[in-house]
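*Asks:* I'd like to ask some things about the structure below.
Taken together, the values in this text are just the output of simple stated rules run on the coordinates, not laboratory data. Computed from a predicted model, the values in this text were never measured in an experiment. In this analysis, Cβ positions are derived from the backbone assuming ideal geometry, glycine residues included, and neighbour counts consider all displayed protein chains.
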Amino acid sequence: MIQLIEVYNAVSSANHGTSKFSLREIYVNPEHIVAARPDLQTNRLMAEGLLPPNLDPQQMFTKLYIDRGQIGLDVIVVGDAASISEKLGLNSKILLKG
């Protein structure tokens, strides 16, 4: 399992249903990652000031597509796609013997 930081929508009744984004630690099994791609929508949220203020304005985000059987799960994590893929070991080349 690999530890990452997820950006999630923490909508509550206290803020009357408006979007408020927060960060939390998650652990991901790299064997279940189907795809990883840059998430430009979260970059837009950063520019609009909707993300936590302690993030670097230059920060990039990645959307991970995780296989959960018949239904997949999408999560947004802090970091650019190349560094997240490297952290998950998705860039490893496998040599087939035969």
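*Asks:* Under a crude label model (7 Å from the Cα following the beta-carbon direction), how far is residue 68 from residue 83 in nanometres?
*Replies:* 2.7 nm
*Asks:* While we're on this one: Per residue of segment 37-47, what does 6.51 cos²θ - 1.76 cosθ + 1.60 with θ = phi - 60° give for ³J(HN,Hα)? Whole Hz please, x for Gly and Pro, Karplus curve as stated.
*Replies:* Result, ordered by residue: 9, x, 10, 6, 5, 5, 4, 5, 4, 5, 5 Hz.
*Asks:* Please give, to one decimal in nm, the separation of the simple spin-label points placed at residue 10 and residue 48, each 7 Å out from Cα toward the Cβ.
*Replies:* 1.9 nm
*Asks:* Using 0.36 nm times the number of residues separating residue 1 and residue 75, minus their current alpha carbon distance, what extension gain do you get? Mind showing how you got there, number by number?
*Replies:* Details: separation 74, 0.36 × 74 = 26.64 nm, distance 1.53 nm.
So the extension gain works out to 25.1 nm.
*Asks:* List, largest first, the extents of the alpha carbons of segment 2-88 along their principal axes, each in whole Å.
*Replies:* Its Cα atoms span 37, 30, 20 Å along the three principal axes.
*Asks:* How big is the charge dipole of segment 2-88 about its Cα centre, in debye rounded to the nearest 20, if each Lys and Arg gets +1 on its Cβ and each Asp and Glu gets -1 on its Cβ? Don't skip to the end; give the middle numbers.
*Replies:* Values: 7 positive and 10 negative charges, 41 e Å.
Computed about the Cα centre, the dipole is about 200 debye.
*Asks:* In whole Hz, with x marking every Gly and Pro, tabulate ³J(HN,Hα) for segment 3-11 from phi via Karplus 6.51 cos²θ - 1.76 cosθ + 1.60, θ = phi - 60°.
*Replies:* So the J values, rounded to whole Hz, are 8, 9, 10, 9, 9, 9, 8, 9, 6.
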